[in-house]
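The values are calculated or read from the model by the stated rules, or taken from the named source; none is laboratory data. Computed from a predicted structure; not experimentally measured. Backbone-built Cβ (ideal geometry, glycine too); neighbour counts: all protein chains shown. Surface areas here come from the heavy atoms of the whole protein model, side chains and all, with no ligands, DNA or RNA. Shrake-Rupley method; radii C 1.70, N 1.55, O 1.52, S 1.80 Å.
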Amino acid sequence: ATTGGAAIACDALKYDPLSYSQAWHSSGSAFHSRCPTIGPSCATDCSGLVNIVLYDLYKNDMDENTYGEVADTVNFKIIPFSQVKPGDFIQPDPGHVEIIESIQGKSINTFGAHQGGVAQADQVGPLTGAWSDSPNNVYLRYIGQGSSGS
């Protein structure tokens with residue numbers, strides 16, 4: 001079984017068929033209540049996706065937005081780029097978060113809920129090389145309920 005941050009990165013992949021909508025932002029339990037079958041008729045936003053994945057894996061039913069994630073020192077720890085691993089999170093700006101899938105040098109490959117108004121396949125899913133290490137990025141690790149806390 002995959003554990004730790006890698007489990008976060010792997011669990012997120014099953015949400016590739018979702019659509020993007022800020023109106024659907026919710027906790028994990030609310031999302032699953034509204035959308036028992038994952039598909040394009042279901043939607044979430046970037047921080048909603050983080051909430052869903054953490055609920056799936058750790059039954060931590062948070063309803064955080066990006067600002068809440070940075071402020072929540074019980075569930076998240078800000079880490080330097082040198083410590084980033086798959087399953088950590090990148091906030092390239094205060095209003096957006098992505099789940100880190102892999103790092104190649106300073107290039108960061110992610111999975112996230114990106115944007116509406118484009119073809120559904122491009123609304124939620126992987127981004128290869130879209131981000132690179134920058135002093136403006138905030139990197140977060142989940143340390144809350146059920147995690148190894150490291």
Residue identified as buried (at least 18 other Cβ atoms within 10 Å of the Cβ) and either touching a residue at least 24 places away in the same chain (Cβ under 8 Å) or closer than 24 Å to Asn137 by Cβ (or both) among Val70, Val50: Val50
Scan the stretch 116-138 for residues that are part of a loop (DSSP other than H, G, I, E, B) and either at positive phi or without any contact (Cβ under 8 Å) to a residue 40 or more places away in the chain (or both) and jot them down. Gly117, Val118, Ala119, Pro135
Filtering the stretch 49-80 down to residues that are of a type in the set (A, V, I, L, M) and assigned to a helix (DSSP H, G or I), which residue is farthest from the chain's Cα centre (by Cα)? Ala71
Say whether the condition of being in a loop (DSSP other than H, G, I, E, B) and either under 12 Å from Gly5 (Cα atoms) or open to solvent by less than 40 Å² (accessible area, probe 1.4 Å) (or both) is met by at least one residue in the stretch 88-110. yes
